[in-house]
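Here the structure comes first, spelled out in structure tokens, and everything after it is commentary.
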Amino acid sequence: MRAARDPTGGIPGPAAVGWPWGVGVDIGAVRTTGVLVDGAGRAEACHELPTTAGPAPMLEQMLAAVVTPSRRGHVARVVVSTSALTVGLDPPHALDRVAVLRIGAPATAAVPPLTGWPPELAAAVRGPVEIVGGGHLHDGTPLAPLDAAAIRTFALRCAGRASAVAVSAAGGYLDPGHEERAMGILAEVLGAAVPVVTSHDLGGAGLLERENTAVFDAALAGAASDCTGALGAAVSAAGLDADLYLMGGAGTVLPASRVAHHALHTVGAAHGSARSGIARLLGSPTLVVVDANGAELLVSAQVDGLPVESGLLTEVRGVRTALRAVRVLPAGRPSGAVGGARWTRVHAAVDQAGAGLGPIPVALVGPVGRGPARADDGWVRHPDGALAAAYGAATGEASATVDRLFWFADGSREECVQAARQAARDGAVRAGADPRRVRVGAVREMMLTYVPMPCVRLRVTATGPIVAPTTVAGRHR
Amino acid sequence: MRRITVDDVDDLVRGAVVLGGGGGGDPYLARQMLLAALERFGPVTLVDAADLDPASLVLPVLSAGVPSALVEMFHGEHESTRLRALFETVAEGTCSAVLPVQLGAVNAVAPIVAAAQLGLPCLDADVMRRCFPMVEMTLLALGGLSPSPVVMVDSRGSSVVLAATDQATVSRLLRSAMPHLGLVALISTYRLTAKTCAELAPRGGLTGCIRIGRALRDCPPGSDHAPLLELCSGRLLVSGVVSEITQRTTDGFPRGVVSIEATEDVPTGTAARMVRIDFQNENLVVAEDGVVAVTVPDLINLIDVDSGTVMQTVDVAVGQRVHVVAIPVDERWHTPEGIALVGPRAFGLDVDPVRVGSA
């Protein structure tokens with residue numbers, strides 16, 4: 001694999017001081033690829049295997065292949081892209097029974113939790129459900145006092161009847177306090193063996209969407225914990241003292257301990273990893289990607305390192321979640337027929353993905369030998385395009401997006417902008433980013449309707465390379 | 001006897017979004033509210049005003065609120081009961097049915113939900129024929145009725161009764177109360193008997209939404225939406241790609257512009273047509289290359305070409321391919337009095353009204 005460009009966006013590379021190395025592994029349905037990168041994002045080793053076993057054995061094999069014993073001490077992070085955490089979403093719905101606690105009475109009772117869920121999914125996950133007093137208004141004041149007694153009673157009702165609890169509060173995305181207190185009560189009563197999934201950092205405005213996301217995450221938490229535990233064991237078995245992260249659909253990472261409770265983060269990871277990986281390989285943070293890795297061609301775009309979103313929220317099995325959807329256009333199955341009907345659809349998808357972005361590169365990723373045969377379409381084929389997903393994982397960054405309303409009672413508009421930037425920065429750090437290297441993107445003002453008073457909806461994303469363990473950084477200060 | 005059942009939910013909400021004209025609130029929440037109410041209370045009976053005791057009052061129901069607040073703190077179970085009790089006290093009468101006021105996703109649903117909770121029938125009628133943002137923008141006001149007294153309740157036990165002799169003051173009082181109610185309230189406004197309702201409120205509002213929703217179902221994604229346009233006597237004005245969306249808050253109200261590059265049906269070598277849509281809460285004016293093509297009070301909608309989704313304008317994204325569709329609204333809005341109340345200048349836009357099909 002050739003030397004790659006600096007993935008840190010021009011920030012002076014710390015390779016000279018021995019910044020930690022990382023391994024990225026993309027475990028696909030058919031093939032598993034892996035890349036070892038050094039501190040400046042240069043590939044030091046790579047490998048490909050057919051996928052013949054579950055994610056943990058595949059990870060162990062891949063780590064043995066790309067990390068020679070002499071290099072084990074260099075590796076501080078392992079980043080995995082896998083869809084294994086969400087297999088329970090499909091029949092036969094291996095989902096745990098979930099208790100659902102909503103904090104928002106006396107409001108919100110008109111739409112109970114799990115309203116409109118497909119019957120077979122609801123039947124699989126529905127455990128005890130309760131709406132209790134509490135929550136916050138738009139201006140941060142409490143809607144009602146938190147009904148701790150009712151939460152305790154509910155917790156006792158859950159014992160033995162639910163494998164996990166999903167907690168969502170009205171206004172939770174503005175103030176996590178009530179969800180966190182509820183989590184404390186539930187943990188006290190139910191013990192550490194019952195995961196409690198809060199929803200306050202799962203998205204912006206939309207209680208039902210955050211609640212649905214938390215229910216899915218809670219229902220998948222058992223399987224997700226088993227999977228991340230096995231992956232962590234594989235890392236140790238490979239002789240590595242490294243932190244484990246998992247890739248998500250936006251092409252960014254989350255620490256394994258958090259992914260155990262937020263399995264939906266991993267939806268779309270394969271394509272997300274491929275997109276961010278090829279962008280870094282080419283040194284083009286703005287581009288269109290044609291991904292031939294899967295059964296169907298997928299086309300999406302990235303602008304300044306951030307995926308272009310569809311503006312819609314992700315629907316999972318017919319249930320609306322809080323996950324912002326990357327705009328991914330399916331474009332049929334690749335075939336070798338040059339200029340055939342299948343390519344019209346692909347080129348239309350490429351045009352659409354890049355609409356409004358001007359002339360930008362179009363990159364093709366996927367196994368060598370697949371993809372369009374014609375050479376005159378101007379598409380870019382990096383020689384390591386088949387490893388784009390693994391490289392994307394190896395160089396994956398942590399990010400957080402803030403999308404919320406600010407009322408001018410909060411302060412002047414400029415103070416609101418600064419508050420949004422800080423919240424995004426803090427979120428990126430919680431997701432694993434190095435606080436010294438977090439980049440905060442442009443703050444976008446989103447549109448509002450029917451507002452009778454000064455307020456603004458601000459959206460901003462902060463991203464940064466994964467934090468290095470302090471022992472390594474300290475050694476080279 | 002017509003009833004609204006769970007099987008009508010998707011069609012009704014989908015059709016109501018069209019009447020929202022780019023606004024009208026979050027369709028997902030509206031769908032969930034209606035589904036939950038019908039699952040809990042069973043089907044809701046639809047009636048005409050002529051079927052009711054003429055001397056009885058009707059209960060107009062409106063969900064007022066900022067969509068971003070409503071999706072967090074949507075209504076509880078008891079607002080409709082408290083609203084009815086307070087309204088009947090203030091209006092000194094008994095309500096025999098619920099009256100929809102505004103048609104858009106949230107407010108086509110809110111009155112049906114209230115009817116379900118109260119065990120009352122719901123009138124298959126409304127008094128705006130689409131979504132307008134102010135309580136004085138109704139055919140009732142056009143007919144000489146005052147919105148006063150306005151009764152507002154929130155989920156937490158607060159209630160407000162307000163009245164004024166002029167409609168602008170009513171609106172300002174209403175808006176001033178909203179922040180103290182958490183920006184979400186259930187409202188009744190206009191005191192009218194079933195007899196007056198039969199005279200002033202056009203019939204068929206809710207069943208009309210269902211028919212529009214069904215016609216939309218018959219429009220495959222990527223099509224030119226002929227079934228919808230035929231049903232509503234509408235026109236597909238132009239199709240193109242959204243190139244820019246801006247919004248600014250000047251006089252306290254957000255004013256937005258969507259810019260679209262219309263590339264379809266343009267001869268090669270010619271520049272794309274530039275289409276501009278001015279909106280506030282709903283879409284207000286469409287102009288092509290600087291020439292006004294359609295304005296409010298007629299309905300202007302943006303429809304996503306690939307999915308066929310009728311868009312809330314605030315959700316439109318740069319790069320999205322959209323159809324711009326215009327649908328004529330009730331004739332009464334096109335009278336001089338109607339235009340004074342809901343024409344472009346009523347929204348602060350200094351252009352003459354242009355009707356669908358006249359440009």
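Output yes when any residue across segment A:195-215 is over 21 Å from the mean Cα position of the chain (by Cα), farther than 30 Å from A:P20 by Cβ and within 14 Å of chain B (Cβ to nearest Cβ), and no when none is.
So the first thing to find is which residues in segment A:195-215 are over 21 Å from the mean Cα position of the chain (by Cα), and the list is none.
No, segment A:195-215 contains no residue that is over 21 Å from the mean Cα position of the chain (by Cα), farther than 30 Å from A:P20 by Cβ and within 14 Å of chain B (Cβ to nearest Cβ).
Scanning segment B:44-95 for residues that are of a type outside the set (A, V, I, L, M, F, W, C) and assigned to a helix (DSSP H, G or I) returns B:D51, B:P67, B:S68, B:E79, B:S80, B:T81, B:R82, B:R84, B:E88, B:T89. Scanning segment A:120-158 for residues that are at pLDDT below 95, more than 10 Å from every other protein chain (Cβ to nearest Cβ) and in a loop (DSSP other than H, G, I, E, B) turns up just one, A:G140. Among the residues making up segment A:67-86, a single one is among the β-branched types (V, I, T) and surrounded by fewer than 16 Cβ atoms within 10 Å (Cβ to Cβ): A:T68.
Would you check which residues across segment B:59-95 are of a type in the set (V, I, T) and either within 8 Å of chain A (Cβ to nearest Cβ) or more than 14 Å from the chain's Cα centre (by Cα) (or both) and list them? Reasoning before the result, please.
Start the filter on segment B:59-95 by keeping residues that are of a type in the set (V, I, T), which leaves B:61, B:66, B:71, B:81, B:89-90, B:94.
If the condition is that a residue be of a type in the set (V, I, T) and either within 8 Å of chain A (Cβ to nearest Cβ) or more than 14 Å from the chain's Cα centre (by Cα) (or both), then B:V66, B:V71, B:T81, B:T89, B:V90, B:T94 are the ones that fit.
Once segment B:300-332 is narrowed to residues that are open to solvent by 10 Å² or more (accessible area, probe 1.4 Å) and small (G, A, S), the residue that is nearest to the other protein chains (Cβ to nearest Cβ) is B:A317.
Can you name the residue in segment A:409-456 that is in a helix (DSSP H, G or I) and within 14 Å of another protein chain (Cβ to nearest Cβ) and, of all such residues, is modelled with the highest pLDDT? In this case the residue turns out to be A:C416.
Being buried (at least 24 other Cβ atoms within 10 Å of the Cβ), touching a residue at least 60 places away in the same chain (Cβ under 8 Å) and touching a Lys or Arg at 6+ places or on another chain (Cβ under 9 Å) is a property that B:F87 has. For the criterion of being surrounded by fewer than 21 Cβ atoms within 10 Å (Cβ to Cβ), more than 11 Å from chain A (Cβ to nearest Cβ), over 27 Å from B:T94 (Cα atoms) and touching a Lys or Arg at 6+ places or on another chain (Cβ under 7 Å), B:D48 fails. Just checking, does segment B:273-285 include any residue being assigned to a strand (DSSP E or B), under 19 Å from B:V351 (Cβ atoms), among the acidic types (D, E) and at pLDDT 95 or above? Yes: segment B:273-285 contains one or more residues that are assigned to a strand (DSSP E or B), under 19 Å from B:V351 (Cβ atoms), among the acidic types (D, E) and at pLDDT 95 or above. Apart from one condition, B:S233 fits all of (1) under 29 Å from B:F74 (Cβ atoms); (2) more than 10 Å from every other protein chain (Cβ to nearest Cβ); (3) among the small types (G, A, S); the exception is (1).
Within segment B:96-108, the residues that satisfy the criterion of being in a strand (DSSP E or B) and either facing chain A (nearest Cβ under 8 Å) or touching a residue at least 60 places away in the same chain (Cβ under 8 Å) (or both) are B:S96, B:A97, B:L99, B:P100.
Based on this model, can you work out whether A:A109 counts as within 13 Å of chain B (Cβ to nearest Cβ) and in a loop (DSSP other than H, G, I, E, B)?
Numbers: within 13 Å of chain B (Cβ to nearest Cβ): yes; in a loop (DSSP other than H, G, I, E, B): yes.
Yes: the conditions hold for A:A109.
Considering only residues that are within 14 Å of chain A (Cβ to nearest Cβ) and either over 18 Å from B:G25 (Cβ atoms) or assigned to a strand (DSSP E or B) (or both), which ones fall in segment B:180-189? Within segment B:180-189, B:H180, B:V184, B:A185, B:L186, B:I187 qualify. Return a yes/no flag: does segment B:23-31 have any residue that is touching a Lys or Arg at 6+ places or on another chain (Cβ under 7 Å) and at the interface with chain A (Cβ under 10 Å from one of its Cβ atoms). Yes, some residue in segment B:23-31 is touching a Lys or Arg at 6+ places or on another chain (Cβ under 7 Å) and at the interface with chain A (Cβ under 10 Å from one of its Cβ atoms). When each of A:G88, A:G104 is tested for being touching a residue at least 24 places away in the same chain (Cβ under 8 Å) and closer than 30 Å to A:H138 by Cα, the lone residue that passes is A:G104.
All of (1) in a loop (DSSP other than H, G, I, E, B); (2) of a type in the set (F, W, Y); (3) away from chain B (no Cβ under 14 Å) hold for A:W117 with one exception: (3). Comparison of A:G39, A:G28 shows that the only residue that is free of Cβ contacts under 8 Å to residues at least 40 places away in the same chain and either touching a His at 6+ places or on another chain (Cβ under 7 Å) or not polar (S, T, N, Q) (or both) is A:G39.
Residues that are farther than 26 Å from A:R72 by Cα: which strands (runs of 3 or more DSSP E) entirely in segment A:177-274 hold 1 or more of them?
On the way: elements: A:196-198, A:243-247, A:252-255.
Of the strands (runs of 3 or more DSSP E) lying wholly inside segment A:177-274, those with at least 1 residues that are farther than 26 Å from A:R72 by Cα span A:196-198.
The values are calculated or read from the model by the stated rules, or taken from the named source; none is laboratory data. On a predicted model such as this, the values are computed, not experimentally measured, just so you know. Cβ sites come from the backbone with ideal geometry, for glycine too, and all protein chains shown count toward neighbours. Just the protein is used for accessible areas: all its heavy atoms, side chains included, with ligands, DNA and RNA removed. Shrake-Rupley method; radii C 1.70, N 1.55, O 1.52, S 1.80 Å.
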